[in-house]
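The values are calculated or read from the model by the stated rules, or taken from the named source; none is laboratory data. Here the structure is a predicted model, which means the values were calculated and not measured. Virtual Cβ from ideal backbone geometry, glycine too; neighbours counted across all protein chains shown.
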Amino acid sequence: MTLTAHQPGYLPWLGLFHKMGLANEFVLFDGVQYEPKGFDNRNRIRSGEGWMWLTVPVLRKGHRNIPIEEIEVNETLPWRRKHWKAISSTYSGAPFFSRYADFLEAAYAREWKTLVELNEYLLRWLVGELGLQVTLRRASSLGLEGSGSERVLDMCVKTGAQAYIFGKHGRSYADLDAFIDAGVEVFFQDYNHPKYAQVHGEPFVADLSVIDLLFNHGESSLDIIMSGNLRSLYPK
């Protein structure tokens, strides 16, 4: 069994789904600290002028002392209406907008208590629409111990993983000897971002939310995500 993990981000970029495509299981690291100005509560979409942020407002008081799973969405602000307006106005002319519009419109009509609840809900939908065959679970359900590389290895042991996929930054902190001793094979992702047709034309804008790809290419999206990249860890 091959495992990978990441903290629950908002409408993630293509590279995260490439990692999922190489794994059997994916763990949401919901016990890590919230990162202001990271991708926990924001991501980018394509606009006529280039790109724009979609940012979910959160209640940040005391955020340095609580895990991301306890970060609450600030529903006193009209962010849901603004996000859906931005998405619909930006992508209404995209070839596959109508395929995904009803779900997203309904998602933005709901109130959300926590950021992780929102992010997990959207992530599970995105995994299904892309056709990924990967099991999702939360790290908080595993009773993990340690930090950094030690915590990742504990996660592998508790899920029965024989292999783990780190992101490219994993090289800076992974304790490879410990993984070897535990019998867990280690891989590091090095994602090559594909170029694809976007509704607003050239120049191409990379590193956007995966919804940009879905609206433009529909059922071909997973093939595009994997194109030019490793498609399997173990040759058949």
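Of all residues in region 29-53, which are touching a Lys or Arg at 6+ places or on another chain (Cβ under 6 Å) and either within 11 Å of Leu115 (Cβ to Cβ) or of a type in the set (A, V, I, L, M) (or both)?
So the first thing to find is which residues in region 29-53 are touching a Lys or Arg at 6+ places or on another chain (Cβ under 6 Å), and the list is 30, 51, 53.
Asp30, the sole residue that qualifies.
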Filtering helices (runs of 4 or more DSSP H) wholly in region 121-233 for at least 2 residues that are in contact (Cβ under 8 Å) with a residue 24 or more places away in the chain, hydrophobic (A, V, I, L, M, F, W, C) and under 30 Å from Ser89 (Cβ atoms) gives 210-217, 221-226
Residue hits (region 39-62; farther than 21 Å from Leu213 by Cβ and either of a type in the set (A, V, I, L, M, F, W, C) or over 21 Å from the mean Cα position of the chain (by Cα) (or both)) are Val58, Leu59, Arg60, Lys61, Gly62
Residue among Trp112, Trp53, Trp79, Trp84 that is surrounded by fewer than 16 Cβ atoms within 10 Å (Cβ to Cβ) and of a type outside the set (Ser, Thr, Tyr): Trp53
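What number of residues within region 179-236 are of a type in the set (Gly, Ala, Ser) and either on the phi > 0 side of the Ramachandran plot or touching a strand residue (DSSP E or B) at 6+ places or on another chain (Cβ under 8 Å) (or both)? Reasoning before the result, please.
Step one: list which residues in region 179-236 are of a type in the set (Gly, Ala, Ser), which gives 182-183, 197, 201, 206, 209, 218, 220-221, 227-228, 232.
Those left that are additionally either on the phi > 0 side of the Ramachandran plot or touching a strand residue (DSSP E or B) at 6+ places or on another chain (Cβ under 8 Å) (or both): 183, 201, 209, 218, 228.
Counting residues in region 179-236 that are of a type in the set (Gly, Ala, Ser) and either on the phi > 0 side of the Ramachandran plot or touching a strand residue (DSSP E or B) at 6+ places or on another chain (Cβ under 8 Å) (or both) gives 5.
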I'm trying to understand the selection: among the residues of region 207-234, which are exposed (fewer than 15 other Cβ atoms within 10 Å of the Cβ) and among the aliphatic types (A, V, I, L, M)? Leu233
Close pairs from region 40-66: first free of Cβ contacts under 8 Å to residues at least 60 places away in the same chain and among the acidic types (Asp, Glu), partner surrounded by 14 or more Cβ atoms within 10 Å (Cβ to Cβ) and outside any strand (DSSP E or B), Cβ under 9 Å, at least 6 apart: Glu49/His200
Out of everything in region 172-194 that is within 16 Å of Leu22 (Cβ to Cβ) and charged (D, E, K, R), what residue ends up being surrounded by the fewest Cβ atoms within 10 Å (Cβ to Cβ)? Asp190
Quick check: is even one residue across region 143-161 among the aliphatic types (A, V, I, L, M), under 17 Å from the mean Cα position of the chain (by Cα), modelled with pLDDT of 95 or more and closer than 19 Å to Thr2 by Cβ? no
Could you please let me know if Phe96 is touching a residue at least 60 places away in the same chain (Cβ under 8 Å), surrounded by 12 or more Cβ atoms within 10 Å (Cβ to Cβ) and either within 13 Å of Leu214 (Cα to Cα) or under 21 Å from the mean Cα position of the chain (by Cα) (or both)? yes
